[in-house]
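Contents: one structure, followed by commentary.
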Amino acid sequence: MRTQVAPVGLWHHAGMPRTLVAIPALDEAETIGAVIAEVRAAVPGTDVLVVDDGSTDGTARVARAAGARVISLPFNVGVGGAMRTAFLYAQRHGYDAVVQVDADGQHVAEGIPTIVAGLADASVVVGSRFAGGSGPEVRGPRRWAMHLLAATLTRVCRTPLTDTTSGFRAADRQAIALFARHYPAEYLGDTVESLVLAARAGLTVREVPVAMRRRQGGAASQSPVRASLYLGRAVLALYVALARRPVRVTPVVLPAAATPPTAS
């Protein structure tokens, strides 16, 4: 069987590794087309994969019309499950990097090259709204929870982290191989627990500053009270993650693709 050895830090002639932009989406027909267009304008030639997480509003149809590859899941599995699907797809198709972008338009696609560039000396790169002292002002219980998460994960990952619940992030081949098998599918696992998983597997995590904005369509899922509850649950998810047995990784050797997930 032919094997492909995955070098770390493989950079293509255009200054970007072969990158897959993965967009998990649930009922985001209103925004997904514009998000895909922005990504394709910011990083021309980069493949875009939308993982339609059981949508009922035409998200998959709009994404295909916008030029993205689409994997439609038969029911909602959450962001963690959708991203594990994307990592498995990326591994089986030999991508060097995966960038996660939200489907609601809050992530500014012009930041993708900055995040991917961080993979030159890290396996997981988180785009932070707060790095460098910028970003929106957060107050009250939400601020306390975010500070606790940041302080704890800074120690776990051995690097300064300020925006640990950010979903705007990139993974290299080592992280892709880890996440394709072990990416947390539980609530909040896609942000908090995935950083613990990567760090305890011996992968390097770092943070870079990026711009973000408010969601560009649909209804926000969190009121201030719900946002505080969300972050409280994130703290709980963090300590659950720390209680789990670490996963060890070995140098990546990728087999030739067998039967990859179907994307249309």
task: Please determine, by comparing only the residues of the range 31-46 that are surrounded by fewer than 18 Cβ atoms within 10 Å (Cβ to Cβ) and in contact (Cβ under 8 Å) with a residue 40 or more places away in the chain, which one is nearest to residue 111 (Cα to Cα).
output: 42
Single condition residue 8 does not satisfy, out of (1) outside any loop (DSSP other than H, G, I, E, B); (2) modelled with pLDDT under 95; (3) touching an Asp or Glu at 6+ places or on another chain (Cβ under 9 Å); (4) not hydroxyl-bearing (Ser, Thr, Tyr): (1)
Residue list for the range 47-71, filter: in contact (Cβ under 8 Å) with a residue 60 or more places away in the chain and in contact with a helix residue (DSSP H, G or I) (Cβ under 7 Å, 6 or more places away or on another chain): 49, 70, 71
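Conditions (1) of a type in the set (Val, Ile, Thr); (2) more than 16 Å from residue 180 (Cβ to Cβ); (3) in a loop (DSSP other than H, G, I, E, B), marked per residue:
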{"residue": "48", "(1), (2), (3)": "yes, yes, no"}
{"residue": "55", "(1), (2), (3)": "no, yes, yes"}
{"residue": "71", "(1), (2), (3)": "yes, no, no"}
{"residue": "79", "(1), (2), (3)": "yes, no, no"}
{"residue": "105", "(1), (2), (3)": "no, yes, yes"}
{"residue": "111", "(1), (2), (3)": "no, yes, no"}
Residues satisfying the stated conditions in the range 47-69, i.e. over 17 Å from residue 80 (Cβ atoms), among the aliphatic types (A, V, I, L, M) and crowded, with 20+ Cβ neighbours inside 10 Å: 48, 60, 62, 63, 68
Residue identified as touching an Asp or Glu at 6+ places or on another chain (Cβ under 9 Å), more than 20 Å from residue 213 (Cβ to Cβ) and modelled with pLDDT under 95 among 145, 150: 150
query: Taking residue 73, is it among the aliphatic types (A, V, I, L, M) and under 21 Å from residue 174 (Cβ atoms)?
result: no
field: Filtered residue count, the range 84-95, keeping only those that are in a helix (DSSP H, G or I) and within 15 Å of residue 19 (Cα to Cα)
entry: 7
message: Suppose the filter is closer than 23 Å to residue 39 by Cα, modelled with pLDDT under 95 and within 14 Å of the chain's Cα centre (by Cα); does residue 163 pass it?
response: yes
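Residue by residue, here is whether (1) surrounded by 19 or more Cβ atoms within 10 Å (Cβ to Cβ); (2) touching a helix residue (DSSP H, G or I) at 6+ places or on another chain (Cβ under 7 Å); (3) modelled with pLDDT of 95 or more; (4) not aliphatic (A, V, I, L, M) holds:
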{"residue": "93", "(1), (2), (3), (4)": "no, no, yes, yes"}
{"residue": "97", "(1), (2), (3), (4)": "yes, yes, yes, no"}
{"residue": "103", "(1), (2), (3), (4)": "yes, yes, yes, no"}
{"residue": "108", "(1), (2), (3), (4)": "no, no, yes, no"}
{"residue": "114", "(1), (2), (3), (4)": "no, no, yes, yes"}
{"residue": "119", "(1), (2), (3), (4)": "yes, no, yes, no"}
{"residue": "125", "(1), (2), (3), (4)": "yes, yes, yes, no"}
{"residue": "132", "(1), (2), (3), (4)": "no, no, no, yes"}
- prompt: Is it the case that residue 35 is closer than 14 Å to residue 100 by Cα, modelled with pLDDT of 95 or more, β-branched (Val, Ile, Thr) and touching a strand residue (DSSP E or B) at 6+ places or on another chain (Cβ under 8 Å)?
  reply: yes
- prompt: So which of 199, 175, 151 is assigned to a helix (DSSP H, G or I) and in contact with a Phe, Trp or Tyr (Cβ under 9 Å, 6 or more places away or on another chain)?
  reply: 175
field: Single match in 219, 211, 185 (criterion: farther than 13 Å from residue 125 by Cα, at pLDDT below 90, in contact with a Lys or Arg (Cβ under 9 Å, 6 or more places away or on another chain) and surrounded by fewer than 20 Cβ atoms within 10 Å (Cβ to Cβ))
entry: 185
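The values are calculated or read from the model by the stated rules, or taken from the named source; none is laboratory data. Keep in mind that what you see is a predicted model, and the values were worked out from it rather than measured. Backbone-built Cβ (ideal geometry, glycine too); neighbour counts: all protein chains shown.
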